[in-house]
1. Which of the residues spanning region 41-80 are surrounded by 14 or more Cβ atoms within 10 Å (Cβ to Cβ) and of a type in the set (Phe, Trp, Tyr)?
2. What helices (runs of 4 or more DSSP H), lying completely within the chain, carry at least 2 residues that are among the acidic types (Asp, Glu) and at pLDDT 85 or above?
Amino acid sequence: MQVDREEIRKAVAEDSGLLEIIRFAMDKERDAQELYEDGYRYANNKTAKELFRVLLEEEIMHEKRLEKVYKEIKDFLNRG
């Protein structure tokens, strides 16, 4: 997975809101999940498969945390 620095700059520009930035981060977590799923699927040895499985689980947890923060911020903004 290659990092597109211009894409990152646009996502976190001064006029970007918190929700947009978190949505961007969630998209990147999903991209990483796809990468690790592919690695797991195509790995030829047990150690590599286990590594990709662990990395995938970490990315899933990251996405869930971001979803929680996104919801909390969205709820807060809707109250005000």
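The values are calculated or read from the model by the stated rules, or taken from the named source; none is laboratory data. The model shown is predicted, which means the values in this text are computed figures rather than measured ones. Counting neighbours? That spans all protein chains shown, and the Cβs are built from the backbone with ideal geometry, glycine included.
1. Within region 41-80, 52, 70 qualify.
2. So the answer is 18-42, 46-79.
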